[in-house]
Amino acid sequence: MDKLYIEGDKKLNGNVIISGSKNAALPILFMTILTEEKIKISNIPKLTDITVAIELLKSLGAKTKYQKKLLYIDTSSIKIYSPPYDLTKKIRASIWMLAPLLIRFGQAKIFLPGGCKIGSRPIDLHVKVLIKLGAKIVLEKNYISASIRKPLIGKRIYIEKISVGATITLMSAATLAQGTTIIENAAQEPEIIDIAKFLNTLGANIIGAGSNTIFIKGVLKLNGGEHRIIPDRIETGTFLIAAAVSKGFIICRHTEPKHLKNVLIKLSESGAEIETGKDWIQLDMRGKKPKSINISTSPYPGFPTDMQPQFTLLNSISQGEGIITENIFDNRFIYVSELIKMGAQIKIKNNSIICKGVSNLYAQNLFSNDLRGSATLVLAGCIAKGITIVNNVYHFKRGYESFCEKLKKLGANIKYI
Ligand code: EPZ
């Protein structure tokens, strides 16, 4: 069940319901450690990364119940401040247990996190911001030991590099620190706004999330509450690309168009006809030949790095030559060799991909290596001539809920073997 058999040369047309955001749900799950009251979270996507995060909370002693896409969490019985190695290693998001456990217990011991192999994935910025708030942190061979002797004291902290992860770590620590913390050079992703909304629902005092400066007035404790996870903007973008590369038509529903401004601009530039409504995005590429586009990834609201592989596939079958430059991660091109096996004409020059569009890609036996690259290879199989096999598909199960079922509803001929 870790291989996909895909009959290609298909046009993908129809409606798709977008699931909750993986990258909002994961940090929010770990933020529940900050309170001993009951939490209810809706629109949680069914993903292996989410399952791992729930297992991690249970390994600490939390009680969880998943019913009709509603997740109930009660962390009042958490007693352990050092999550198990085997689960911690599975996901990058594990790092977001560090600050909450440190605040809750005055100490924490976290193994270095896992996550997609798309670069070195350091955690130095997470450590630096906690030290600035007054934590004592010792980095051992493969784990972090943190302790605080007195309550953390809020202060103005400039994060030297825009980092979603470090911004979230600092937000969670500052929420229960003494006094006010001002986060400068904060990441501005929609997921950061959703996390702030969740924490404020529990009684936190956070303003400015979504801008580059976030003000957090520390509170004594957090209460319980309910929260609905925002839609997944990267799943949305991936399905828009599915219709674009197959010259089809799609309506993505239960999504948030304003989270994809830059992606929609680039899709229009490639010739797609885009229409949007309150919670839907329509893309029409029927009867068109996409035009190559140039992209440079940057922190939100710039073009998202998580859409880089998908747009390389679009450039692979577009008219002309397109250049995509990756500025966030230092090794996010591993999928490119698999597209070249299919006949794509791609050259890599430093941190740029130069792609000369071809008329067709041809089926191959492909190997996934990371989440977004894996999803891109599946889409390549849907449009290539012949039967494509994609191996190691556990990668995309980490971040795409019912990916194959949703693609089949759009006309893909795809099955697990
Ligand atoms: C989050 O990763 C997302 N992951 C990534 O999505 C997303 O690509 C990334 O943010 C966008 O910036 C989750 O939310 C689980 P960062 P994160 O901290 O927090 C460097 C996907 O496909 N850095 O914003 O790890 C880092 O190496 C995944 O869903 C440090 O140098 O990203 C990178 O170059 C992939 N030191 C840059 O900053 C640190 O301590 C941005 O990283 C932390 C990060």
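Structural remarks
Results for (1) part of a strand (DSSP E or B); (2) in contact (Cβ under 8 Å) with a residue 24 or more places away in the chain, shown as yes or no for each residue.
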| residue | (1), (2) |
| --- | --- |
| K128 | no, yes |
| I131 | no, no |
| V138 | yes, no |
| K141 | no, no |
| S145 | yes, yes |
| I157 | yes, yes |
| G165 | no, yes |
| I168 | no, yes |
| I183 | yes, yes |
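- Test: residue in the stretch 70-92 that is within 14 Å of the ligand (Cβ to nearest atom) and either part of a loop (DSSP other than H, G, I, E, B) or under 22 Å from L202 (Cβ atoms) (or both): yes
- Per the conditions (1) more than 16 Å from the ligand (Cβ to nearest atom); (2) part of a loop (DSSP other than H, G, I, E, B), the sole criterion not satisfied by K40 is (2).
- Residues of the stretch 278-306 classified as over 17 Å from F239 (Cα atoms) and of a type outside the set (D, E, K, R), total: 12
For (1) on the phi > 0 side of the Ramachandran plot; (2) near the ligand (Cβ under 8 Å from one of its atoms), each residue gets a yes or a no:
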position	(1), (2)
D124	no, yes
L130	no, no
G134	yes, no
E140	no, no
I148	no, no
L152	no, no
K161	no, yes
A166	no, yes
M171	no, no
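- Qualifying residue in the stretch 184-197 (condition: more than 14 Å from the ligand (Cβ to nearest atom), touching a helix residue (DSSP H, G or I) at 6+ places or on another chain (Cβ under 9 Å) and among the charged types (D, E, K, R)): no
- Identity of the residue in the stretch 390-410, basic (K, R) and part of a helix (DSSP H, G or I), that ends up nearest to the ligand (Cβ to nearest atom): K397
- Positions within the stretch 277-303 being open to solvent by 20 Å² or more (accessible area, probe 1.4 Å), in contact (Cβ under 8 Å) with a residue 24 or more places away in the chain and assigned to a loop (DSSP other than H, G, I, E, B), in sequence order: D279, R286, G287, K288, K289, S292, N294, S298, P299, Y300, P301
- Among the candidates S145, S163, S120, residue that is among the small types (G, A, S), in contact with a strand residue (DSSP E or B) (Cβ under 6 Å, 6 or more places away or on another chain), open to solvent by 10 Å² or more (accessible area, probe 1.4 Å) and under 30 Å from D330 (Cα atoms): S145
- Cβ-Cβ under 9 Å pairs, at least 6 apart or on other chains, the stretch 255-276 side over 21 Å from P299 (Cβ atoms) and without any contact (Cβ under 8 Å) to a residue 12 or more places away in the chain, far side open to solvent by less than 70 Å² (accessible area, probe 1.4 Å) and acidic (D, E): I274/D284; E275/D284
The values are calculated or read from the model by the stated rules, or taken from the named source; none is laboratory data. None of these values were measured; they are calculated from a predicted model. Neighbour counts are summed over all protein chains in view; Cβ atoms, including those assigned to glycine, are modelled from backbone coordinates with ideal geometry. Side chains included, ligands, DNA and RNA excluded: accessible areas come from the protein's heavy atoms. Shrake-Rupley method; radii C 1.70, N 1.55, O 1.52, S 1.80 Å.
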